[in-house]
Amino acid sequence: MTLPVIIHTPALTSGAIDTSTIPGWGVDADPLNDPTYPIRDRARDPGLTSDWERPTIQHPDVEILQSIEHIRQPAVVGTSVPPSGLSGMMRRTAFRWSESNWTHWLLLMGADRVNVIEGIVDDLAHARIPNIPAEMGIRSELAHNKRGFAKKLAVGGLIGVVAVGLLKRRRQQ
Amino acid sequence: MLAMNYRGPYRIRLSEKPMPEILHPRDAIVRVTRSCICGSDLHLYHGMVPDTRVGTTFGHEFCGVVEQLGPEVENLKVGDHVLVPFNIACGQCHFCLQGLFGNCHEVNPEATALGGIFGYSHTAGGYDGGQAEYVRVPYADVGPVVIPDWMDLDDAVMLTDVVPTGYQAAEMGGIQKGDTVVVFGAGPVGLMAARCAWLFGAGRVIVIDMYDYRLEFARTYCPAEVYNFKEIDDVVVFLKKATDGLGADVAIDAVGGDASGNALHTLFGTKLKLEAGSAIALHWAINSVKKGGIVSIVGVYGPTGNMIPIGNVVNKGITIRANQASVKRLLPRLIEHVRMGHIDPKAMITHRVPLDHIADAYHMFAAKLDGCIKPVLVPNGG
Ligand SMILES: NC(=O)c1ccc[n+]([C@@H]2O[C@H](COP(=O)([O-])OP(=O)(O)OC[C@H]3O[C@@H](n4cnc5c(N)ncnc54)[C@H](O)[C@@H]3O)[C@@H](O)[C@H]2O)c1
Ligand SMILES: [Zn+2]
Ligand SMILES: [Zn+2]
């Protein structure tokens, strides 16, 4: 289910101008001046119409969020991870705006960050403590980048010591 | 089944997940025999692609054996060993009809600007990918190609993305015989673009990167003149001097949003994410191509926007050509190139990692450890 969105579009006046009334129409048309060749196959271009023979339509049984730039649901959709929780609410909200609007993408990025926390909460709820070093590939770091790893540890340690020192001083004051 | 499971930026693990099911009459279920980690996966891994949901399985480069078929798929049979293009495409919409299989309009509900891609976030359609034991392949009658029996599986899996993308990068460059081509990025895609530039008749090929081990590889594999931008004060001036002060005929961006080399872009693009990735390689491409030259972009950027010198594009009269590779369109030609020995895709594979060690494979590829160019994931115990 997607949120109902009302879009106000001014009526389009497509085809309103008769090209035969335009002096010189098409006199400089040059099929060789086609920078999209061969990426685009002009021979199979039926013109700008969404009226192609459509594939069988998939009816997903999970919630699909849909861009408001679409005039209909694409025939086939991915159903891997339906939106859920707070991040899901943020994602639904994001789809009130078009792909051309920053708000859309910023909300989705925000939802991604919230979703990471939800993931950890979900792990804990299933009595699983995520092994974050393993998830970050610590084995390959130790095998191939011992020096870099030691440096990161040392820098991290130093920042830690300084931070604790500063905190202590503040408490004493 | 076992599948890669994204937990957040820099965090992945292998998890037990339900088997994929046929959800549409043109679906297939494929048992994966090879899958790769790609530079594009790094954008996901680094948390740069909006709507990358926790629990998603990545992987858009894979081949495998058909296990199950929907009733409308007539050109494949159970047991076929297929390579599967990374773009999912219906084959009959306005765009597919024109060969734009990377821009299908019947596959991605979330975005109209992007087609459908396996395991590439919900922004690319919400499909699980092939870094798993099994995967759902929609429109299985359009994309998948039965692997010829003479072909090595390692070549086959490289044909799902890297080879067509590199080839199309060169193709979009409109390279004419004798042209000077500069390729930014010596990852698998850039290497293949540089290799393919010769097929189009380039007279000179230059590759720019920051990793000596990759440049060394490029020197003999492509082959190409190679330069490390870390050792160069100003890449654009350097390239101008190398081209009689004019600039290259064609510049190819095979880097994308994870580019290094400029503190401002790194801060805005990769750290603060105020632009859709760091666009410094593209910046260099625009500024180092000649007036009237062509910039071909296959490097991937996010959907919002980037700081690029568009004024110079206008003033220099540059043509920009870009797209997601249209894998299916190019496959017949590329299979022929592999058969004829014109290209040797599997030579780029440096690591073979069992699915179990996927987190380490990602870190190794992302941090460019152990001379890694292209890691291939193989089934556990396989
Ligand atoms: N358009 C498509 O269809 C398509 C398909 C596949 C991959 N891609 C994109 O192509 C790009 C490359 O993929 P890959 O697998 O080769 O990735 P990769 O990460 O292995 O390679 C990128 C290379 O660029 C180098 N680099 C970083 N900053 C640079 C700079 N400023 N100048 C020159 N080189 C620089 C890196 O050191 C690295 O070697 C990625 O953005 C990926 O998303 C696009
Ligand atoms: Zn890829
Ligand atoms: Zn289509």
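Laboratory data are not the source of any read-out in this text; all were calculated from the coordinates shown. Source: prediction; values computed, not measured. Neighbour counts are summed over all protein chains in view; Cβ atoms, including those assigned to glycine, are modelled from backbone coordinates with ideal geometry.
Using the 10 angstrom Cβ neighbour count as an exposure proxy, how do A:56, B:266, B:56 rank, fewest first? Intermediate values should be presented prior to the final figure.
Details: A:56 13, B:266 16, B:56 25.
If I rank by nearby Cβ atoms, fewest first, I get A:56, B:266, B:56.
Please list, in chain and number order, the residues 5+ apart from residue B:116 or on another chain whose amide H is under 5 Å from its amide H, with Hs placed from the backbone.
B:88, B:104
Please compute the Kirkwood hydrodynamic radius of segment B:162-322 from all pairs of different C-alpha atoms, in Å with one decimal. Walk me through the intermediate numbers first.
Numbers: mean 1/r = 0.0659 Å⁻¹.
The Cα-based Kirkwood calculation yields 15.2 Å.
Dipole of chain B, Cα-centred, from +1 at each Lys and Arg C-beta and -1 at each Asp and Glu C-beta, to the nearest 20 debye?
Working: 32 positive and 39 negative charges, 152 e Å.
For chain B, the charge dipole is close to 740 debye.
First obtain the Kirkwood hydrodynamic radius of chain A from its Cα pairs, then insert it into the Stokes-Einstein equation at 4 °C and 1.567 mPa s, and state the resulting D in µm² per second as a whole number.
Values: Rh = 23.4 Å.
Result for D is 55 µm²/s.
Would you give the gap between the C-alpha center of segment A:46-77 and the C-alpha center of segment B:325-382, rounded to a whole Å?
Result: 33 Å between the Cα centres.
Relative to the Cα centre, what is the charge dipole magnitude of segment B:276-382, using +1 at the beta carbon of each Lys and Arg, -1 at the beta carbon of each Asp and Glu, and rounding to the nearest 20 debye?
On the way: 12 positive and 5 negative charges, 120 e Å.
Charge dipole of segment B:276-382: 580 debye, to the nearest 20.
Choose one of A:159, A:131, A:102: the residue whose Cα lies farthest towards the positive end of the charge dipole of chain A (beta-carbon charges +1 Lys, Arg; -1 Asp, Glu; about the Cα centre).
Of the listed residues, the answer is A:159.
For segment A:18-35, just list the computed ³J(HN,Hα) in residue order, Karplus coefficients 6.51, -1.76 and 1.60, θ = phi - 60°, integers in Hz, with x standing in for Gly and Pro.
3J(HN,Hα) across segment A:18-35, in whole Hz: 7, 5, 5, 8, 9, x, x, 4, x, 5, 9, 4, 9, x, 6, 7, 10, x.
Show me the helices of chain A, taken as full DSSP H stretches, that run 18 Å or more along their long axis by Cα and average -0.5 or above in Kyte-Doolittle hydropathy. Show your work: numbers first, answer last.
Working: long enough: A:102-125 (34 Å, 0.58); A:146-172 (39 Å, 0.21).
Span-like helices in chain A: A:102-125, A:146-172.
Once phi is turned into ³J(HN,Hα) by the Karplus curve 6.51 cos²θ - 1.76 cosθ + 1.60 with θ = phi - 60°, what whole-Hz value does each residue of segment A:38-48 show in order, with x for glycine and proline?
Taking θ as phi minus 60°, the curve returns x, 5, 10, 9, 4, 4, 10, 9, x, x, 7 Hz for segment A:38-48.
Could you work out the helix-only [θ] at 222 nm for chain B, with each DSSP H run of four or more residues adding -39,500 (n - 2.57) and the total divided by the number of residues, to the nearest 500 deg cm²/dmol?
Values: 11 runs with 96 residues, N = 382.
Helix contribution divided over all residues of chain B: -7000 deg cm²/dmol.
Quick one: net charge around residue A:105, please, counting Lys, Arg +1 and Asp, Glu -1 for every other residue with C-beta under 12 Å from its C-beta.
Details: positive: A:91, B:273; negative: A:99, A:112, B:51, B:110, B:275.
Every neighbour counted, the sum reads -3.
Could you pull out every residue, at least 5 positions away or on a different chain, whose amide H is within less than 5 Å of the one on residue B:226? Hs are placed 1.01 Å off N in the peptide plane, and Pro or chain starts have none.
Under 5 Å from the amide H of residue B:226: B:207.
Which one, B:302, B:361, B:73, projects farthest toward the positive side of the charge dipole computed for chain B from Cβ point charges (K/R +1, D/E -1)?
Positive-most Cα among the choices belongs to B:302.
Quickly estimate the mean residue ellipticity at 222 nm for chain A, helices only: each DSSP H run with n ≥ 4 gives -39500 (n - 2.57), and the total goes over all residues, rounded to 500.
Values: 5 runs with 72 residues, N = 173.
Helix-only estimate at 222 nm: -13500 deg cm²/dmol.
State the Cα centre-to-centre distance between segment B:261-302 and segment B:164-240 in whole Å.
16 Å
Rounded to the nearest 20 debye, what is the charge dipole size of the protein assembly as shown about its Cα centre when +1 sits on each Lys and Arg Cβ and -1 on each Asp and Glu Cβ? Write out the running numbers ahead of the final one.
Values: 51 positive and 57 negative charges, 436 e Å.
For the protein assembly as shown, the charge dipole is close to 2100 debye.
Once you've got the GNM for chain A with C-alpha springs shorter than 10 Å, pick whichever of A:32, A:107, A:124 has the biggest mean-square fluctuation.
For chain A, modelled as a Gaussian network with Cα springs under 10 Å, the answer is A:32.
In a Gaussian network model over chain A where Cα atoms closer than 10 Å are linked, find which of A:72, A:44, A:96 has the largest mean-square fluctuation.
Ranking A:72, A:44, A:96 by mean-square fluctuation puts A:44 first.
Have a look at the protein assembly as shown and give its Rg and Dmax from the Cα atoms, expressed in angstrom.
Rg then Dmax for the protein assembly as shown, in Å: 23.9, 87.
I want to verify a result. In a Gaussian network model of chain B, Cα cutoff 10 Å, which of these has the top mean-square fluctuation: B:144, B:164, B:354?
Residue with maximal mean-square fluctuation among B:144, B:164, B:354: B:354.
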